[in-house]
Amino acid sequence: MARTNGTSAPFLISGGGIGGLIAAYSLAQQGFPVRLFEQSSEFREVGAGIQLGPNIFRVLEKVGLKDAILADAHVPPAQEMRDALTGKLITRIPLDAEFSKRFNNQPYAVTHRADIHGTFLKACQSSNLVTLETSRRVAGYTQHPDGVTVTLENGETVEGRALIGCDGMWSKIREKVVGDGQPRVSGHIAYRAVLKRADVPEDLWRPDVVLWAGPRTHFVHYPLRRGELYNLVAVFHSDHYEEGWDAEGSKDLLWKHFQGQVPQVQRMLERIETWRMWVLCDREPVKNWTDGRVTLLGDAAHPMLQYLAQGACMATEDAVILAEKVAARPDDLPAAFKEYQHDRYLRTGRTQIMARFYGEFYHARGVAAELRDMALSGRTPQQSYDGIAWLYGGP
Ligand SMILES: Cc1cc2nc3c(=O)[nH]c(=O)nc-3n(C[C@H](O)[C@H](O)[C@H](O)COP(=O)(O)OP(=O)(O)OC[C@H]3O[C@@H](n4cnc5c(N)ncnc54)[C@H](O)[C@@H]3O)c2cc1C
C-alpha cells in the first residue's frame, strides 16, 4: 500500500473523551487535518459533574470555547469545607471577583460532564478538518520516518502524520510507549449521582461547592447546568475493585462508611436511589510519554486522583499546548512532541502527586483531622489563593 505523504496526512487520535476531542479541535484550529477514532458506538460522557478551575478557562479562551462552556455552567460563590461529624465550617474560600482577578481574570465553574464533552464535540463537528469515527478501537501502531501506521481492532490499517493517544486510564498506546502495566488502585471509591433541583430539599440546596470531610470519607455537592441539576459525589476507602467508570454501587457499602455523619449529609445521601461507581486509580508520574511521532495526552499520559478536580483541566491544557507546539514545528513532529512533553510533565506530575495528598487531607481522622481544621480555619482568602496559585495561575 502506498504511504500517504507525511506532510499532508492527518493527525490520528485514539479516544474521543474530553481530551481527544479538545486535542482534535485545537489541532484543527491550527490548520491541521485530524482523524479521531472512538471505540464506543457513540460519543458520550457519564452523567456527573465536573469542576473547572481558572486554569482551564485560560486555555479555553485561546481556542474560543470559554463562553460556550460557561453558557451551561454554574459559577459558585464559594468553596466550603465542613466537618462531617460536627457540621462545623472548616474553611470558606470565596470564588468572587477578587479570586478571578488573582487568577488571570478567569472564573471557577462547575458543569455537567456531558455539557463540556458536548461543547467539544460540537466544535469538532463544526470543523471541516476533523473526521470523527465511532466503533473504531485502536489496537496498536508502527512508525516510519515520515508517518505512523495505526492498526484498528478489526485489522484495518490507517496512515497518518502522527498519533496522539487520548485513550484514558487504560490506554492501549501507553502500553507501548511507557509500558508500566496496570494503573495503581488507590483503595478509594467514588459514588456519584445527579438530582433534579426540585428533588433537593430546599434547606439542603446550596449554591456553593460544599465538601464534607469525614474520617476516611468525603462527600461533595454542587449545582450543575445553570442550577437546574445537583451533583453528589461520595468517596470512601474500600478495597472493592471493578474496572471502568460506570458500575452500579451498592447502597449498603456506602452506608457502612457514612454512619454517624451529620443529618445534612445523611439526608442528602438518602435522596439517591441508584449510585454509579468509580474505583479510583492513578499512576506514578513519568518523565517520558513520547515515542517519535507518537505521544500521549490527558489520562493516558498522567492519570490522577480527582481530589484537586483537575484531570479534565490538565487534558485541556495539554491539548491546547500540544497544538501550539505542533504549529511552531510542523516539519519536526518528534521535536514538537518532546517540547510539549517537556512543558507538561512537571506540572502534571505535581498535580498527580498533590492530588494524593489532598485525598489524605480530606479523609484525615483524629489528631490529623484536628490539625487540618486548625491550619485551614485560620486562613484568609488571600492565603488560600496563595496556596493554590501554582495550579490555578497556570499554565
Ligand atoms: C470521580 C471523579 C471526579 C472527577 N472530577 C473532576 C473534576 O472535577 N475536574 C476535572 O478536571 N477532572 C475531574 N476528573 C478527571 C477527569 O474526569 C478525567 O481526567 C478526564 O475525563 C480524562 O479525559 P481523557 O479524555 O484523557 O480520558 P477518558 O475520559 O477516559 O476518555 C478516553 C476515551 O478513549 C476511548 N478509548 C479507550 N481506549 C480506546 C481505544 N483503544 N481505541 C479508541 N478509543 C478508545 C474511551 O472510550 C473514551 O471515550 C474526575 C474523575 C473522577 C473519576
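The stretch between Trp170 and Tyr241 holds 24.1 nm of extra length on full extension. This uses 0.36 nm per residue minus the Cα-Cα distance. Over the chain, Cα pairs under 8 Å with separation of 6+ residues give a relative contact order of 22 percent. Within the shell defined by Cβ-Cβ distances under 15 Å, the residues around Leu376 carry a net charge of -1, with Lys and Arg each +1 and Asp and Glu each -1.
For Leu195, neighbours were defined as the other residues whose beta-carbon sits under 14 Å from its Cβ, and their charges (Lys and Arg +1, Asp and Glu -1) total +3.
Once all protein chains are placed together, Arg35 keeps about 60 Å² accessible to a 1.4 angstrom probe.
For the range 26-43, 3J(HN,Hα) computed residue by residue from phi via the Karplus equation (6.51, -1.76, 1.60; θ = phi - 60°) reads 5, 5, 4, 4, 8, x, 9, x, 9, 10, 10, 10, 10, 5, 6, 7, 8, 7 Hz, glycine and proline entered as x. Report, ordered by chain and residue number, the lysines lying within cross-link reach of Lys172, taken as a straight Cα distance under 17 Å and ignoring same-chain residues fewer than 8 apart. Leaving aside lysines fewer than 8 places away in the same chain, none come within reach of Lys172. Taking the DSSP bridge list for the chain and keeping only pairs wholly inside it, about 75 percent are antiparallel. Dividing the mean sequence gap of close Cα pairs (under 8 Å, 6+ apart) by how many residues the range 79-163 holds gives a relative contact order of 12 percent. Placing pseudo-labels 7 Å out from each Cα toward the beta carbon at Ala389 and Gln125 gives an inter-label distance of 4.3 nm.
Under the shape rule built on the C-alpha gyration tensor, where the axes satisfy a ≥ b ≥ c, the chain is prolate, since a/c reaches at least 1.5 and a/b is greater than b/c.
Report note on the peptides 369-381, 173-185: ranked by the mean count of other C-beta atoms within 10 Å, highest first, their order is 173-185, 369-381. Stretched out straight at 0.36 nm per residue, the stretch from Glu228 to Arg271 would grow longer than its current Cα-Cα span by 13.8 nm.
The values are calculated or read from the model by the stated rules, or taken from the named source; none is laboratory data. Bear in mind that the values here come from a model prediction, so they are computed numbers and not experimental data. Backbone-built Cβ (ideal geometry, glycine too); neighbour counts: all protein chains shown. For the accessible areas, the whole protein counts, side chains as well, though only heavy atoms, and no ligand, DNA or RNA atoms are used. Shrake-Rupley method; radii C 1.70, N 1.55, O 1.52, S 1.80 Å.
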